[in-house]
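The values are calculated or read from the model by the stated rules, or taken from the named source; none is laboratory data. Bear in mind that the values here come from a model prediction, so they are computed numbers and not experimental data. Cβ sites come from the backbone with ideal geometry, for glycine too, and all protein chains shown count toward neighbours. Accessible surface is based on the protein model in full, side chains and every heavy atom, while ligands, DNA and RNA are left aside. Shrake-Rupley method; radii C 1.70, N 1.55, O 1.52, S 1.80 Å.
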Amino acid sequence: MSPEPILRLEGVSKYFGEFTALDNINLEIDEGEFLTIVGPSGSGKTTLIRILVGIEELSKGKIWLRDKRIEEMPANLRPTCMVFQSLALFPHRSVGENIEFPLKLRKQRPDDRKARAFELLDLLHLPRSFYQKRISECSGGERQRVALARALAFDPEILFFDEPLSALDFRLRKNLEKELKDLHQRTGKTFVYITHSLEEAMVMSDRIAIMRSGHFEQIAVADEIYARPISRFVAEFMGEVNLFSVKGDVSGNLVGTEIDIQTGRVGPDSAMRLGQGASATLMVRPESVHFLSEDSAADFVVGGVLQAEYALGSRTQYKIQADNGDELAVEKLREDRFPGKIGDRVRLGWNAEYAHMIMEE
Amino acid sequence: MGVVLLISFLAPLLVIAVFSVMPQKVFSLLHLPDFSSYKLVFTQGYIKSVVWSFGMALASTVMLFVICWPLAFGMAKVFKGFGLFITIAVVVTLFVSENIRLFGWVLTLMKGGLIEGHLRAWTGLTFEGALYNVPVIVFGLVYAYFPFMLFPLIQGIAMVPDDARQAAADLGASRWQIFYEVDLPLSAPGIVIGSLLSFVLAAGAMAESKLLGGQTVIVIADEIETAFTYGQNWPLGSALSIILILIIGALSIFGINRVNLDLIMGGRRS
């Protein structure tokens, strides 16, 4: 049995004058899950999260928190809390006072507040001496933790994050991503995180929702979205990808309309077939494409010339120019590097189980 | 630069300071100091004028804060083009001399003036006019120093980050709690500057009590002017001035030390 949704959105829309920021959003968030909403800037994800915490009003629609309608409830009465992109720490208060802020509002005794603040400092791996510290004396990463501690002190039913890590440098961000996931498991709370970084979403989330100009394009677990995107947009958003426009020939085999793809061993029951004249997009991730030797075969084969090689650390990426001029990307682990050199003719191939057909109208 | 400051600012202050310890009614600094003016100040009831001046200044400053806060908040955070309209409207009043504006209020409030005159003509009812009492003096101070509270407050409130207010609301703070916990402390530089300006100006003001208040209350600035002119007693006038300067100076230094003024000048909160 799937758990009851803790938050349910029905037909949530937001208009700014003529502009539709959110278009009829439906969403169910499960109790205890880590949902990440990913989208390019301007896709409406920040507007959505601000509506969910109550800072922004919606134009239309209903929001249930468990069985209670909350869309009319002001932010300060909602049992949810958000970590802001800017963190929004109070610069005139110490770290301890920031963390205790929600407890102070509830008129908790100073001793209890302090005890809770110390617990949270421990939980977030900050030394207890930080209690007295001024916000201006904290580094970027420390401020993140303070903001998180303050939000946890509120003890929200759902904790929202509005791209809080985006301003940090790479290594710190990677560490905090893992810590956040860890924290999610330890606290068991429902986390809703928004970001424009796919990698961040992949590392942390149970489910990912891809947002595009005010609506959800796809909501699924990370692997599903990566391997079986439902649109070109999602496919391209989820990292480097090779996309080919294809259509079915007389016998149902796929024929590239831009790149000459030879279909080899695709059986009649395969999903990799199209009715005659029907068109679709064939997707294959760069790591699933292989360099073929003269005598080896694959389900799909493309010929071309190796044009460039980029070292990505653990992997190497190759750009191959197909015979008609289009480019393909191939990625290999460092130890499987392609021995050839720039300008060599290559045969590329991949198998049907690593390919995916995007059927878009 | 230092020389200009010395001649134009510090030297007159020094002259006043020395005059204040000279014997009564002398017009030269070449006398033995006897501090008799200070004795006079404390025995002849001048302290009452000091108390009236500061009391009314305090009352007008508090009222200004209460009146200006919502307006300044609107202008800093809510109104867009309308804020500019209010700014211009307030600034334009400064183009007309304060005395003339106060005379306008005299004509409005006096018996037979704009209000009482119309009331009598339309209804037959009458009253004694609203002039010549302490509340109308405080009203005059509030009116005259309105811009000096309003504009610093706008500056101060503009420094309160929106997301800090939103975060406070998100963490459960009511409007009042946001005001008390976030708005007040974060706009403190603007509040302090606005309050100091209007308080200091009101404490040294004279026209309001003279024009609107008649002779109800003699304020300290009035006493100083009288001592220098009709009284022909420069040392007494100097002693009163020095007392005023000391009190105001102490208040200013106290106030300014409490806040980080760099912030309102565009400095960053580090």
Roughly how many Å² of residue B:48 are accessible to a 1.4 Å probe, to the nearest 10? 140
Excluding ligands, DNA and RNA, what is the accessible area buried between chains A and B, summed over both sides, using a 1.4 Å probe, to the nearest 100 Å²? 1800
Show me the helices of chain A, taken as full DSSP H stretches, that run 15 Å or more along their long axis by Cα and average -0.5 or above in Kyte-Doolittle hydropathy. A:95-105, A:140-153
GluC sites (Glu not before Pro) restricted to region A:1-49 and DSSP loop, no more than 11 other C-beta within 10 Å: A:18
Give me the percent of the accessible area of chain B that comes from carbon and sulfur atoms, probe 1.4 Å, all protein chains in place. 73
Looking at A:219, A:313, A:108, which one has the Cα that reaches farthest to the positive end of the dipole of chain A (charges on Cβ: Lys, Arg +1; Asp, Glu -1)? A:108
May I ask which residue of A:167, A:242, A:210 lies farthest towards the positive end of the charge dipole of chain A, with charges of +1 (Lys, Arg) and -1 (Asp, Glu) on Cβ and the Cα centre as origin? A:167
Name the long-range amide H neighbours of residue A:30: under 5 Å, sequence gap of 5 or more, or other chain; modelled H, no Pro or chain starts. A:6
How large is ³J(HN,Hα), in whole Hz, for each residue of region A:342-347 in order, when computed from phi with the Karplus curve 6.51 cos²θ - 1.76 cosθ + 1.60 and θ = phi - 60°, using x for Gly and Pro? 4, x, 5, 7, 10, 10
Kindly express, to the nearest 10 degrees and within the range 0 to 90, the angle between helix B:188-203's C-alpha long axis and the longest C-alpha principal axis of chain B. 30
Restricting the count to DSSP beta bridges whose residues both fall in region A:240-358, what percent are antiparallel, rounded to a multiple of 5? 95
Give, rounded to the nearest 20 debye, the magnitude of the charge dipole that region A:240-358 has about its Cα centre when Lys and Arg contribute +1 at Cβ and Asp and Glu contribute -1 at Cβ. 140
How big is the equivalent ellipsoid of region A:240-358 along its three axes, where each semi-axis is √(5λ) from the Cα gyration tensor, reported in whole Å from largest to smallest? 26, 14, 13
Percent antiparallel among DSSP beta bridges confined to the protein assembly as shown, nearest 5, equals 75
Just flag the trypsin sites (Lys or Arg not before Pro) in region A:264-361 sitting in loop per DSSP whose Cβ has no more than 15 other Cβ atoms within 10 Å. A:265, A:337, A:341
Considering only B:169, B:221, B:202, give the residue with the highest GNM mean-square fluctuation for chain B, with springs between Cα atoms whenever their separation is below 10 Å. B:169
Given a cut-off of 17 Å, what percent of all Cα-Cα pairs of region A:136-179 lie beyond it? 33
Need the C-alpha centroid separation for region B:104-172 versus region A:243-308, integer Å. 80
With every protein chain left in place, what is the accessible area per residue of the protein assembly as shown in square angstrom, probe 1.4 Å? 49
So what is the 222 nm mean residue ellipticity for chain B from helices alone, if each DSSP H run of at least 4 adds -39500 (n - 2.57) and you divide by all residues, rounding to the nearest 500 deg cm²/dmol? -20500 deg cm²/dmol
Sequence-distant or interchain residues sharing an amide H contact under 5 Å with residue A:161, placed H: which? A:83, A:192, A:193, A:194
About the Cα centre, and with charges only on the beta carbon of Lys, Arg (+1) and Asp, Glu (-1), how big is the dipole of the protein assembly as shown? Nearest 20 debye, please. 2640
What residues does region A:86-129 have that are buried by at least 40 Å² of accessible area in the full protein assembly compared to the chain on its own, 1.4 angstrom probe? A:90, A:91, A:92, A:101, A:105
Per 10 angstrom bin, beginning at 0 and ending with the bin that holds the maximum distance, the Cα pairs of the protein assembly as shown fall in percents of 3, 12, 16, 16, 14, 12, 10, 7, 5, 4, 2, 0, 0
Please enumerate, by chain and number, the lysines with C-alpha under 21 Å from the C-alpha of residue A:319, excluding those fewer than 8 residues away in the same chain. A:332, A:341
Could you work out the Rg to Rh ratio of chain B, with Rh taken as the Kirkwood radius (inverse of the mean 1/r over all Cα pairs)? 1.05
Measuring from centroid to centroid over Cα atoms, what is the spacing of region B:1-18 and region B:220-261 in Å? 16
Beta bridges per DSSP with both ends in chain A, % antiparallel, nearest 5: 75
Any chance you could get the radius of gyration and Dmax over the Cα atoms of chain A, in Å? 24.8, 79
